[in-house]
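Reviewing the structure listed below.
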Amino acid sequence: MAAADALANVRNIGIMAHIDAGKTTTTERILFYTGITYKIGEVHEGAAVMDWMAQEQERGITITSAATKCEWKGHTIQIIDTPGHVDFTVEVERSLRVLDGAVAVYDGVAGVEPQTENVWRQADKYNVPRMCFVNKLDRTGADFFRCVQMMVDRLNATPLVLQVPIGLEADHIGVVDLIDMRALTWRGETQKGEDYAVEEIPAELADTAAEWREKLMETLADVDDAVMEKYLEGGEFSVEEIKAAIRRATIAGKANPVLCGSAFKNKGVQPMLDAVVDFLPSPLDIPAIEGTGTDGETPLQRKPSTSEPFSGLAFKIQTDKHLGKLTYMRVYSGVLESGSQVVNSTKDRKERIGKIYQMHANKREERSSAKAGDIIAVQGLKQTTTGDTLCDPANPVILESMTFPEPVIEVA
Ligand code: GDP
């Protein structure tokens with residue numbers, strides 16, 4: 001088994017944002033850096049630039065599926081589409097249900113906007129661990145610290161500021177990493193998606209960086225007893241200790257790491273991917289999913305393990321012009337084989353699993369089976385609609401315990 005497939009190395013995430021904050025651009029850059037669009041360094045430089053520009057022209061075409069898989073530093077990142085529009089509240093709730101963590105993208109000029117506020121509150125309701133990316137710092141009027149303050153005032157969040165920007169607007173060239181106190185800069189031809197240079201913190205930012213590093217450690221001490229104890233004793237923290245504490249605080253929902261940059265100008269995206277891997281949970285880090293028996297009452301749990309009976313939740317139905325009806329499913333426990341018979345426990349119907357697909361941004365891959373933690377698309381389900389549980393016929397469970405705001409039909 002490849003390391004990236006091990007459950008501990010899987011990150012099922014959503015990207016949430018107010019419309020225009022840069023969700024699409026950020027997702028595209030993630031696919032670019034993770035080599036989905038093309039492998040950086042593997043193609044001739046001229047061809048790489050051409051591909052990159054062609055991709056720019058085809059904006060939006062790459063992200064058509066409800067879930068997209070990519071890899072970053074030995075980890076699998078599955079991006080589950082989270083609708084940004086308020087009209088899709090039920091869909092937002094459903095997507096929040098199947099992801100383990102999220103990145104909230106903010107417009108660095110507008111700060112916290114109404115739709116981010118809505119989806120943030122929904123994510124609070126489902127205890128989704130979140131980090132924040134303050135985007136568009138290259139724009140006129142960008143103000144990183146104002147945006148951070150809005151997270152406190154409007155979202156009641158506990159921001160863990162992990163970076164401060166180096167320059168804003170046209171002068172935005174990078175970030176200071178407050179964990180290991182170094183500067184990451186992108187000074188060259190950013191259209192090629194170059195890697196960052198690691199430099200000393202610029203002298204004019206030394207005080208700001210020291211001040212925000214202190215705030216980072218204070219906030220961590222506030223939310224983490226182990227950090228508090230050592231902090232009070234005046235102990236030194238290693239980079240690993242700080243990262244472990246940030247991870248604990250994020251997964252526990254006690255704080256939100258904040259990073260920044262400009263997705264459009266390719267600044268800040270790689271460190272943001274590092275943070276997804278370092279701080280957001282794997283399926284093993286979240287509590288076992290709680291459901292009920294088919295009576296709708298008896299509590300039942302399913303752990304994220306291949307040795308548990310199969311259970312999964314259908315969260316999106318899409319029609320593909322070649323494949324027909326595709327049911328996107330999060331597998332919570334066990335193993336699902338193509339061709340097998342399962343039960344739709346929500347509707348009390350048998351279903352035969354057709355082909356199983358792993359969906360990527362621009363291609364699909366047939367798989368013979370799927371396992372706990374996977375997000376896949378299944379062909380051939382006839383009766384299943386979103387929100388339905390599919391499970392092992394011998395071990396039925398109903399996972400969807402949420403009551404969705406479905407319309408109420410009154411009978412006179
Ligand atoms: P979405 O609605 O959240 O998916 O936003 P998009 O990714 O489509 O971005 C909306 C607009 O903002 C587009 O014109 C993008 O090119 C632009 N944009 C996105 N990120 C940045 C950024 O970092 N800097 C600047 N200046 N523009 C950006």
Only one of K303, K325, K267 is within 16 Å of the ligand (Cβ to nearest atom), on the phi < 0 side of the Ramachandran plot, in contact (Cβ under 8 Å) with a residue 24 or more places away in the chain and in contact with a Ser or Thr (Cβ under 7 Å, 6 or more places away or on another chain), namely K267
Answer with yes or no whether T116 is within 16 Å of the ligand (Cβ to nearest atom) and open to solvent by 10 Å² or more (accessible area, probe 1.4 Å). no
Could you run through region 260-274 and say how many residues are buried (at least 24 other Cβ atoms within 10 Å of the Cβ) and either among the aromatic types (F, W, Y) or farther than 14 Å from I173 by Cβ (or both)? 3
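Could you please let me know if F315 is of a type in the set (F, W, Y) and assigned to a loop (DSSP other than H, G, I, E, B)? Let's see the steps before the verdict.
Numbers: of a type in the set (F, W, Y): yes; assigned to a loop (DSSP other than H, G, I, E, B): no.
No.
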For strands (runs of 3 or more DSSP E) lying entirely in region 150-251, having 2 or more residues that are open to solvent by 50 Å² or more (accessible area, probe 1.4 Å) picks out 197-199
Of the residues in region 119-146, those that are more than 16 Å from P257 (Cβ to Cβ), within 14 Å of the ligand (Cβ to nearest atom) and polar (S, T, N, Q) come to T140
Please identify the pairs in which a residue from region 23-34 that is closer than 22 Å to E113 by Cα has its Cβ atom under 7 Å from the Cβ atom of a residue that is within 7 Å of the ligand (Cβ to nearest atom) and open to solvent by less than 20 Å² (accessible area, probe 1.4 Å), counting only partners at least 6 apart or on another chain. K23/A17; K23/V105; T25/A263; T26/V105; T26/N135; T26/A263
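The values are calculated or read from the model by the stated rules, or taken from the named source; none is laboratory data. These numbers were taken from a predicted model, which means no experiment stands behind them. Here Cβ is always computed from backbone atoms with ideal geometry, including for glycine, and neighbour counts include all displayed protein chains. Please note that ligands, DNA and RNA were not included when accessible areas were found on the heavy atoms of the full protein model with its side chains. Shrake-Rupley method; radii C 1.70, N 1.55, O 1.52, S 1.80 Å.
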